[in-house]
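*Asks:* Dropping the structure in here first, questions after.
The values are calculated or read from the model by the stated rules, or taken from the named source; none is laboratory data. As the structure is a prediction and not an experimental result, all values here were calculated from the model. Positions of Cβ are generated from backbone atoms using ideal geometry, with glycine treated the same way; all protein chains shown enter the neighbour counts. The protein model used for the area step is the full one, side chains on, heavy atoms only, and it has no ligands, DNA or RNA in it. Shrake-Rupley method; radii C 1.70, N 1.55, O 1.52, S 1.80 Å.
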Amino acid sequence: MKTGWVLDNHNWYYLDGSGAMHTGWLLLGNTWYWLEPSGSMATGFKLVNGSLYHFSQSGSMNTGWFVDDGTWYCANGSGAIRTGWFYFDSSWYLLDSNNNGAMLEGFQSVNGNWYYLDSDSGGALECNAWVFSQDGNAYYACSSGAIALKGVKDSVGAIKLNDAEGKPMVGWYWSSAAQTWFYTDPDGVLQRGWQLIGGKWYHLDNESGVMNTGWFRDDDGLWYYLMSSGQMATGWNSIDNGEYFFNAAGAWVDPERSACTSFQSQIVSRCYNVPSPGVGLCSEWVSEVFYPVLGSYPNGDACDMFWNWCHSRDISQLKVGMIVAVPTHTHTNAGARWGHIAIYVGNGMVMDNIGYIRTTSLAWWLNYYHTTATPLWGWVLNTPLE
């Protein structure tokens, strides 16, 4: 009597321990099989209880991505074939519901919208990018992937935007479908990268030409901020409840510094080790931090220290060990009379005494205490620690 797998007349069958022929679902180890009512092992696509499955030539049920006759398909964890839109590994794919879930490529129409699925990237949906047809037309796929704008790609790869009459679209163009701005030169050629327009700098995405807004990092690792109008920020700007300084070229001046001298390192170390002398005694704590390092006791309240030693608002001049102060602020009665003071400890952070020793971001501190006076910084006793 046979048990286990048996090959008979080119078909595989499975006989259990009693020798009885198995039909229906069969789980061996971690692998599922489907055995027809005749007992023969299924291969290829099979409709089982209303769901479509695929079984390899060895009979094992496929899950995840698999290839059949050169075409890609995808099955869920239970083996059912997926159809329609499918999100996988940060990209969308379209699986043909009329063709056993076959993965689609190229231009496809879905519910009245056109989409482009890039064969070079394995059928992934193109979003926020230009795609090109074989006839030389250029199409912009917006964030949803839907085709939103049409242009023409010339022999050197430049994209020209034309209106419905075929005339070049010149200057700024708002695409309601893409919900973004583009800019073209007098010939209608789409512009990319940094552009000086009307005396203001803008950055248009290097690939799509979309006008960038918000934070932007260039290829050199420099950070810029582009306002909602697209214009590049310079000087001091309040962004997300913080204050940031951008130089004349628009690059953010990173206040992050590391202690580079023994004196600076000592000040940072004492900031972490000198305890709070009490509520409302911010300048007394600063004096205790600096006294052993400078050899002199810095007298005065925060307001005195501000007027005596804080002279700069240039973020590029801020160094580890400097004091950062305001002569007055509106958050407390004591602060309105005597101001407040902190010590810059590097990495964009300051430390101060508010009844306990607090560590907070410089950006937050500047924004919070900048109510009636502008914060400034400088060296205590006008003695550089560098």
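*Asks:* Leaving out ligands and nucleic acids, and using a 1.4 Å probe, what accessible area per residue does the stretch 1-109 come to in Å²?
*Replies:* Roughly 58 Å² per residue, with all protein chains present.
*Asks:* Under 12 Å between alpha carbons, and skipping anything fewer than 8 positions from Lys150 in its own chain: which aspartates and glutamates qualify?
*Replies:* Asp163
*Asks:* Just how large is the dipole of the chain about the Cα centre, in debye to the nearest 20, putting +1 at every Lys and Arg Cβ and -1 at every Asp and Glu Cβ?
*Replies:* Values: 16 positive and 33 negative charges, 149 e Å.
Result for the chain is approximately 720 debye, rounded to the nearest 20.
*Asks:* Now, a different point. Given only helices, namely DSSP H runs of n ≥ 4 each adding -39500 (n - 2.57), what is the per-residue ellipticity at 222 nm of the chain, to the nearest 500 deg cm²/dmol?
*Replies:* That calculation yields -3500 deg cm²/dmol at 222 nm.
*Asks:* Skipping prolines and chain starts, which residues have an amide H placed within reach, meaning under 5 Å, of the one on Ala129, given they are 5 or more residues away or on another chain?
*Replies:* Here Ala141 satisfy the definition.
*Asks:* At 1.4 Å probe size, with the rest of the protein present, what percent of the exposed accessible area of the stretch 158-259 is carbon and sulfur atoms?
*Replies:* On the way: 2550 of 5560 Å².
Here it works out to 46 percent.
*Asks:* What ³J(HN,Hα) values, in whole Hz, does the Karplus curve 6.51 cos²θ - 1.76 cosθ + 1.60 give for the stretch 227-240 when θ = phi - 60°, with x put for Gly and Pro?
*Replies:* Karplus values, whole Hz, x for Gly and Pro: 5, 4, 7, x, 5, 6, 7, 9, x, 7, 9, 8, 9, 6.
*Asks:* Which order do the peptides 368-376, 129-137 come out in when sorted by mean C-beta neighbours inside 10 angstrom, highest first?
*Replies:* Numbers: 368-376: 17.0, 129-137: 13.0.
Highest to lowest by the protection proxy: 368-376, 129-137.
*Asks:* Still on this structure, please answer the following. Which value, in Å² rounded to 10, gives the accessible area of Phe263 with a 1.4 Å probe and all protein chains present?
*Replies:* Looks like 100 Å² after rounding.
*Asks:* Moving to a separate point now. Normalising by the residue count of the stretch 198-298, find the relative contact order in percent from Cα pairs under 8 Å and 6+ residues apart.
*Replies:* Numbers: 115 pairs, mean separation 14.1, N = 101.
Normalised by residue count, the contact order of the stretch 198-298 is 14 percent.
*Asks:* When only C-alpha pairs under 8 Å and at least 6 residues apart count, what is the relative contact order of the chain, in percent? Display every interim value, and only then the final one.
*Replies:* Details: 811 pairs, mean separation 27.0, N = 386.
Worked out over the chain, it gives 7 percent.
*Asks:* Mind checking which lysines have their Cα closer than 26 Å to the Cα of Lys200? Skip sequence neighbours fewer than 8 apart in that chain.
*Replies:* The reachable lysines, counting only those whose Cα sits under 26 Å from Lys200, are Lys160.
*Asks:* Rolling a 1.4 angstrom probe over the protein chains, ignoring ligands and nucleic acids, what is the accessible area of Arg358 in square angstrom, nearest 10?
*Replies:* Spelled out: Arg358, probe radius 1.4 Å, area about 40 Å².
*Asks:* Can you run phi through the Karplus equation (6.51, -1.76, 1.60; θ = phi - 60°) for the stretch 163-173 and list ³J(HN,Hα) in whole Hz, with x for Gly and Pro?
*Replies:* 7, 4, 8, x, 7, x, 8, 10, x, 6, 9
*Asks:* For the stretch 120-155 and the stretch 339-356, write down the distance between their C-alpha centroids in whole Å.
*Replies:* Their Cα centres are 52 Å away from one another.
*Asks:* Sticking with this structure for a sec: Can you send over the solvent-accessible area of Ile354, 1.4 Å probe, protein chains only, in Å² to the nearest 10?
*Replies:* Ile354 has an accessible surface of roughly 60 Å² with all protein chains in place.
*Asks:* So, one more: Please report the spacing between the Cα centers of the stretch 15-70 and the stretch 268-314 in Å, no decimals.
*Replies:* 77 Å
*Asks:* With θ set to phi - 60° and the Karplus curve 6.51 cos²θ - 1.76 cosθ + 1.60, what are the ³J(HN,Hα) couplings of the stretch 199-216 in order, to the nearest whole Hz, using x for Gly and Pro?
*Replies:* x, 10, 8, 10, 10, 9, 2, 4, 9, 8, x, 5, 5, 7, 9, x, 5, 9
*Asks:* Charges only on Cβ, +1 for Lys and Arg, -1 for Asp and Glu: so what's the dipole of the stretch 185-246 about the Cα centre, in debye to the nearest 20?
*Replies:* That gives the stretch 185-246 a dipole magnitude of about 180 debye.
*Asks:* Nearest 10 degrees, 0 to 90: what angle lies between the long axis of helix 262-273 and the longest principal axis of the chain (Cα atoms)?
*Replies:* That helix lies at roughly 80 degrees to the long axis.
*Asks:* Starting with the highest mean, order 287-297, 185-195, 323-333 by the number of other Cβ atoms within 10 Å, averaged over the residues of each peptide.
*Replies:* 323-333, 287-297, 185-195
*Asks:* Return the lysines within reach of Lys153: Cα separation strictly under 26 angstrom, same-chain partners fewer than 8 residues apart disregarded; answer none if there are no such residues.
*Replies:* Lys167
*Asks:* Right, something else. Among Thr374, Ala148, Ala249, whose Cα lies farthest out toward the positive end of the dipole of the chain, if unit charges sit on the beta carbon of Lys, Arg (+1) and Asp, Glu (-1)?
*Replies:* Thr374
*Asks:* While we're looking at this one, here's another question. Taking amide H positions as placed in the peptide plane 1.01 Å from N, state which residues far from Val48 in sequence (5 or more) or on other chains have amide H under 5 Å from it.
*Replies:* For Val48, whose amide H was placed from the backbone, the distant partners under 5 Å are Tyr53.
*Asks:* Then there's this: If amide hydrogens are placed 1.01 Å from N in the peptide plane, which non-local residues have theirs closer than 5 Å to the one on Met169?
*Replies:* Hits under the 5 Å cutoff: Leu161, Asn162, Asp163.
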